[in-house]
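Participant: Take this structure first; my questions come after.
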Amino acid sequence: YKMKKFFVCVGGLFLSFSLYAQQVKHPALLFTKARVEAAKSRMESDTCMARCWEDIRKVADGALKGNNFRRADYLSLAYLMTGDQRYADRLKSILQSLTDAKTWGSEEMLSRKPVWRSDLGLSHKCLMSALAYDAIYETLSGQERKDLAEKLLRLGLEPALGDWVLEPTRIHTLNSMGHNWWTSCVYNAGLLALALQNELPQAREWAATLNEVMPEWFGFAGDVLQNKMKTFDEAGGMYESLNYANFGIQEALQYRIAWQNAHPGQKASPVPQLEKLPDYFLQVCYPRTGILYDINFGDSHKNVTAESSMMLLYALGIQRPDMLWYFNQVQDGQHRDGYFRNRPMGFLYMPDVRKAPETPDLPTSWLLKDFGWAMMRDSWKKDATMLAVKSGHTWNHSHADANSLILFHKGVDILKDAGNCSYPNPEYRGYFFQSDAHNVVLFNGEGQSREQQYEGSYLRGSLHCLMDNGQVKYVLANGTGPMADKFSRNFRHFLWMDKVIYVIDDIKAHHAGHFEWLWHYSGKAVKRGPDLTVTSDSVSVVIRPLYPRLLALSDFVHDYPEDLYWEVKTGPTEDLKGKEEYYSFHLPGEHKRIKGMTAIILKDHPEDKDLPYMEKREGKDWIGLRVRRGGKVTDMYINQQADGRLMHNNSWIEADGWTTDAYMFTVTYDEGADPSTAGDIFVCYGSALRRGGVSYYSSLSKLFVIQHAEGKELDVHVQGQPYVRAVFHAGSRPSSLRVNGHAEKVVYEEGNVILKKQVKS
């Protein structure tokens, strides 16, 4: 009886596999009947959809001549939308032409040791073959399907999966090629495996394997020995830059959708990172009048967007109103690789955006701590101001730009990244990748070591303590690691208050040398006295160096032997068709240690004369600034004892009646009032701020604090330690308390608010 039961079970399993194979009804991948019918239905009431379909059909009609496999997606959709046999016949001809080839491998890859049989070109042929085979499956005879499947196995499926996934032929690992190439080469071949699984039992097995290994790519944590960065930040971002992040993610998500379409009722392997991806794509974008811009650190371009990955996430059930807002910001065709509405995938997968909100409900500052990007903006409205800061990993698509910045203002990247170009060009290796092409500080004319392009920076940069209370924004960049051959300290503070962004450099070199500040910009730059004014159309900012010296006031620099000199340099434009200028500020003489402060003043328009009045001030063991504007005074102090020169002694200073051990602090008060009335206080790395016998703030550890008091409301932002016990002075019990943006219970004792809180950095 037991043996009989065993054979019944085994027979049932074989029967279930057989039935399962028969249940795969084509089209079963991306251009499904359900998607096609939904698109047809939307066309009846949506004139935009109707226009987009006409664009797609024109491309498909143009592809009826010749065997252009790159248009197989257009022909596939055209056939499924219309049933016109001409499209199916052309797809069949394309498949026959493709499979007549001896190999799909490229000469460059075949010359490597060991031989790489597959690359991105082969991957794309796998994708187009899968879409074509899936679309015309029912028009092919059983023998035609079998013949094509065996040829596609030899030319595409086995070389790709054999190189990238399957034993005993696999040559790649996530440690060596686990970036965007991995998902493209693996999952486009995976789509082909899904298309061929009725004809090839092994294709069905391989497709199941690819579903199982997807979490490994998303969850790859990097390694120490080969200096490989983890693939995804805890907050959702991918270090390769938006361009390659979108490409790599898109390829994985396409497979995930196709796998689910081909396996109804079965769940794909869990990938927790997917839920966080929309935050990354949203936070790196810059909405403006015109096409959407994005942060272009590394090998990306500011017009590249992530609508393809976003719409695939939406199709997978990750659906948020702010994603609909994002789709509305993207213009069809604004970059080469997008899935726009007048392209097959966009036509079928773009969701209905008519209920999109006017602006997204998102924080105005965001930190990707694992790989070192920060974004701070004054609002989510179009043409607002956004500051992007980078200090992280250098390798592959991530440039030598530790402590760099990009500033978008009124729709323009007014202080910009120089960009990139095609990799074979010497300008890419010699300029665009290197520190010279970024807004950083050089030493003796050099930035990060040039071998970091290939070997990476084993000591990486980092960002810390991002804070934003609406009036004050702050983040600390530590670029010491990537410049460790030159510097023992390389910190850059970004403090944004009242339309001024202060960039504060704290640098110590191993030996005395020449320091140089670089500024890349859009438009034109004109030096007037101590300022460099940058203007692009109706957008303008002022770059004003304050410490260690002002810019020399005139061209007679020999009359200002200690002030900053300037030099206009040139570099190639991104299209390599010309040259563009950028500025270099030099500190004369050799120095080992500097404190630099540069004010970037945001102008409302080029003729704006309402600029802040800035007065440099110094005292015993401190340097500072008094800023007057709009009836307000802000005093800024930088503690010269708090920069690492003291070990066991604390860095106490007296400054204008204030006593503190803070690295830096600011107080803002009404013009003519006593500084003790300050309602806005910023403390950077301090344990106390005292005046006249009153402790305005106190903590056993040095913290980063923004305090805003208005009426009986107290708003505090605090970073620096995982557990905080801090005391804040208040003349009377506040009616409300917010800490890091969240309401907290007020604990008030003897004139002080007592805060005890676990803090997430």
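Participant: Considering only residues of the stretch 494-515 that are in a strand (DSSP E or B) and open to solvent by 10 Å² or more (accessible area, probe 1.4 Å), which is nearest to residue 613 (Cα to Cα)?
Facilitator: Applying the first criterion (in a strand (DSSP E or B)) to the stretch 494-515 yields 494-497, 500-513, 515.
In the following step, the residues that additionally are open to solvent by 10 Å² or more (accessible area, probe 1.4 Å) were identified as 496-497, 508, 510-512.
Numbers: 496: 16, 497: 14, 508: 30, 510: 36, 511: 36, 512: 33 Å.
Ranking the qualifying residues of the stretch 494-515, first place goes to 497.
Participant: Can you name every residue in the stretch 436-455 that is touching a residue at least 60 places away in the same chain (Cβ under 8 Å) and crowded, with 17+ Cβ neighbours inside 10 Å? Explain how you work it out, then say what you get.
Facilitator: At the first step, the residues of the stretch 436-455 found to be touching a residue at least 60 places away in the same chain (Cβ under 8 Å) are 436-445, 455.
Once the filter is applied, which keeps residues that are touching a residue at least 60 places away in the same chain (Cβ under 8 Å) and crowded, with 17+ Cβ neighbours inside 10 Å, the stretch 436-455 yields 436, 437, 438, 439, 440, 441, 442, 443.
Participant: Go through 416, 390 for me and flag whichever is within 21 Å of residue 475 (Cα to Cα), open to solvent by 10 Å² or more (accessible area, probe 1.4 Å) and not hydrophobic (A, V, I, L, M, F, W, C).
Facilitator: Only one candidate qualifies: 416.
Participant: What pairs can you find where one residue is in the stretch 478-496 and closer than 30 Å to residue 378 by Cα and at pLDDT 95 or above, the other is of a type in the set (Lys, Arg) and open to solvent by less than 20 Å² (accessible area, probe 1.4 Å), and their Cβ atoms are less than 6 Å apart, with a gap of 6+ or different chains?
Facilitator: 496/473
Participant: Let me ask something additional. Across the stretch 92-121, which residue is nearest to residue 146 (Cα to Cα) among those that are charged (D, E, K, R) and in a loop (DSSP other than H, G, I, E, B)? So that I can check it myself, show each step before the final result.
Facilitator: If we filter the stretch 92-121 for residues that are charged (D, E, K, R), which is where we start, we get 92, 100, 102, 107-108, 112-113, 117, 119.
With the extra rule that they be in a loop (DSSP other than H, G, I, E, B), the set shrinks to 100, 102, 112-113, 117, 119.
Details: 100: 15, 102: 18, 112: 33, 113: 33, 117: 23, 119: 25 Å.
So, considering only residues that are charged (D, E, K, R) and in a loop (DSSP other than H, G, I, E, B), the one nearest to residue 146 (Cα to Cα) is 100.
Participant: Only one residue in 283, 273, 254 is surrounded by fewer than 23 Cβ atoms within 10 Å (Cβ to Cβ) and not β-branched (Val, Ile, Thr), so which one is that? Break it down into steps so the answer makes sense when it comes.
Facilitator: On the way: 283 fails: surrounded by fewer than 23 Cβ atoms within 10 Å (Cβ to Cβ); 254 fails: surrounded by fewer than 23 Cβ atoms within 10 Å (Cβ to Cβ).
When all the criteria are applied, what remains is 273.
Participant: Among what's in the stretch 659-683 and is open to solvent by 20 Å² or more (accessible area, probe 1.4 Å) and among the hydroxyl-bearing types (Ser, Thr, Tyr), pick the residue that is nearest to residue 631 (Cα to Cα).
Facilitator: In this case the residue turns out to be 668.
Participant: Restricting to the stretch 53-93, name every residue that is more than 19 Å from residue 126 (Cβ to Cβ), open to solvent by less than 30 Å² (accessible area, probe 1.4 Å) and aromatic (Phe, Trp, Tyr).
Facilitator: Answer for the stretch 53-93, where residues must be more than 19 Å from residue 126 (Cβ to Cβ), open to solvent by less than 30 Å² (accessible area, probe 1.4 Å) and aromatic (Phe, Trp, Tyr): 53, 87.
Participant: How many residues, within the stretch 689-723, are buried (at least 21 other Cβ atoms within 10 Å of the Cβ) and either at pLDDT below 95 or over 33 Å from the mean Cα position of the chain (by Cα) (or both)?
Facilitator: Matching residues across the stretch 689-723 total 4.
Participant: Here's something else I'd like to know. For the stretch 128-206, give me every one of the helices (runs of 4 or more DSSP H) that falls completely inside it and has 1 or more residues that are within 27 Å of residue 77 (Cβ to Cβ) and in contact with a helix residue (DSSP H, G or I) (Cβ under 7 Å, 6 or more places away or on another chain).
Facilitator: Numbers: elements: 142-152, 158-164, 174-177, 180-195.
In the stretch 128-206, the matching helices (runs of 4 or more DSSP H) lie at 142-152, 158-164, 180-195.
Participant: With the checklist (1) part of a loop (DSSP other than H, G, I, E, B); (2) under 19 Å from the mean Cα position of the chain (by Cα); (3) on the phi < 0 side of the Ramachandran plot; (4) not basic (Lys, Arg) in hand, flag the one item residue 419 doesn't pass.
Facilitator: (3)
Participant: All but one of (1) without any contact (Cβ under 8 Å) to a residue 60 or more places away in the chain; (2) within 20 Å of the chain's Cα centre (by Cα) hold for residue 387; which doesn't?
Facilitator: (1)
Participant: Moving on to the next point. All but one of (1) without any contact (Cβ under 8 Å) to a residue 60 or more places away in the chain; (2) of a type in the set (D, E, K, R); (3) part of a strand (DSSP E or B) hold for residue 645, so report the exception by its number.
Facilitator: Checking residue 645 against (1) without any contact (Cβ under 8 Å) to a residue 60 or more places away in the chain; (2) of a type in the set (D, E, K, R); (3) part of a strand (DSSP E or B), the one that fails is (3).
Participant: Search the stretch 675-687 for residues that are farther than 18 Å from residue 699 by Cβ and pair each with any residue that is among the hydrophobic types (A, V, I, L, M, F, W, C) and open to solvent by 10 Å² or more (accessible area, probe 1.4 Å) when their beta-carbon atoms are under 6 Å apart and the residues are at least 6 apart or on different chains.
Facilitator: The qualifying pairs are 679/709.
Participant: Hey, another quick one. Go through the stretch 94-108 residue by residue and tally those that are open to solvent by less than 40 Å² (accessible area, probe 1.4 Å) and under 15 Å from residue 136 (Cα atoms). Break it down into steps so the answer makes sense when it comes.
Facilitator: Step one: filter the stretch 94-108 for residues open to solvent by less than 40 Å² (accessible area, probe 1.4 Å), giving 94-95, 98-99, 101, 104-106.
Now restrict to residues that are under 15 Å from residue 136 (Cα atoms): 94-95.
Total meeting the criteria: 2.
Participant: Residue check: is residue 458 open to solvent by 10 Å² or more (accessible area, probe 1.4 Å), over 27 Å from residue 603 (Cα atoms) and part of a loop (DSSP other than H, G, I, E, B)? Give the steps one after another, and end with the answer.
Facilitator: Numbers: open to solvent by 10 Å² or more (accessible area, probe 1.4 Å): yes; over 27 Å from residue 603 (Cα atoms): yes; part of a loop (DSSP other than H, G, I, E, B): yes.
For residue 458, the condition - open to solvent by 10 Å² or more (accessible area, probe 1.4 Å), over 27 Å from residue 603 (Cα atoms) and part of a loop (DSSP other than H, G, I, E, B) - is met.
Participant: While we're on this one: Can we say residue 736 is open to solvent by 20 Å² or more (accessible area, probe 1.4 Å) and touching a residue at least 24 places away in the same chain (Cβ under 8 Å)? Let's see the steps before the verdict.
Facilitator: On the way: open to solvent by 20 Å² or more (accessible area, probe 1.4 Å): yes; touching a residue at least 24 places away in the same chain (Cβ under 8 Å): yes.
Judged against the criteria, residue 736 is a match.
Participant: Just give me the residues in the stretch 45-76 being part of a helix (DSSP H, G or I) and either free of Cβ contacts under 8 Å to residues at least 40 places away in the same chain or among the β-branched types (Val, Ile, Thr) (or both), in sequence order. Steps first, please.
Facilitator: Applying the first criterion (part of a helix (DSSP H, G or I)) to the stretch 45-76 yields 47-62, 69-76.
Correct list: 47, 50, 54, 56, 57, 58, 59, 60, 61, 62, 71.
Participant: Sticking with this one: Of (1) more than 24 Å from the chain's Cα centre (by Cα); (2) open to solvent by less than 40 Å² (accessible area, probe 1.4 Å); (3) at pLDDT below 95, residue 213 satisfies all except one. Which?
Facilitator: The single condition residue 213 does not satisfy is (3).
Participant: How many of the residues in the stretch 114-129 are more than 31 Å from the chain's Cα centre (by Cα) and among the small types (Gly, Ala, Ser)? Talk me through it step by step, then tell me what you get.
Facilitator: Let us first name the residues in the stretch 114-129 that are more than 31 Å from the chain's Cα centre (by Cα), namely 114-115, 117, 129.
Filter once more, so that each one left must be among the small types (Gly, Ala, Ser): 129.
Within the stretch 114-129, residues that are more than 31 Å from the chain's Cα centre (by Cα) and among the small types (Gly, Ala, Ser) number 1.
Participant: Across the stretch 516-554, which residue is farthest from residue 302 (Cα to Cα) among those that are among the hydroxyl-bearing types (Ser, Thr, Tyr) and outside any loop (DSSP other than H, G, I, E, B)? If you could, list the steps in order and put the result at the bottom.
Facilitator: So the first thing to find is which residues in the stretch 516-554 are among the hydroxyl-bearing types (Ser, Thr, Tyr), and the list is 521-522, 533, 535-536, 538, 540, 547, 554.
Restricting the remaining residues to those that are outside any loop (DSSP other than H, G, I, E, B) gives 521, 533, 535-536, 540, 547.
Details: 521: 14, 533: 23, 535: 19, 536: 16, 540: 19, 547: 32 Å.
Here the residue is 547.
The values are calculated or read from the model by the stated rules, or taken from the named source; none is laboratory data. Worth saying up front: this structure is predicted, and the values here are computed from it rather than measured. All Cβ positions, even for glycine, are placed from backbone atoms using ideal geometry, and neighbour counts span all protein chains on display. Surface accessibility is based on the protein's heavy atoms, side chains included, excluding ligands, DNA and RNA. Shrake-Rupley method; radii C 1.70, N 1.55, O 1.52, S 1.80 Å.
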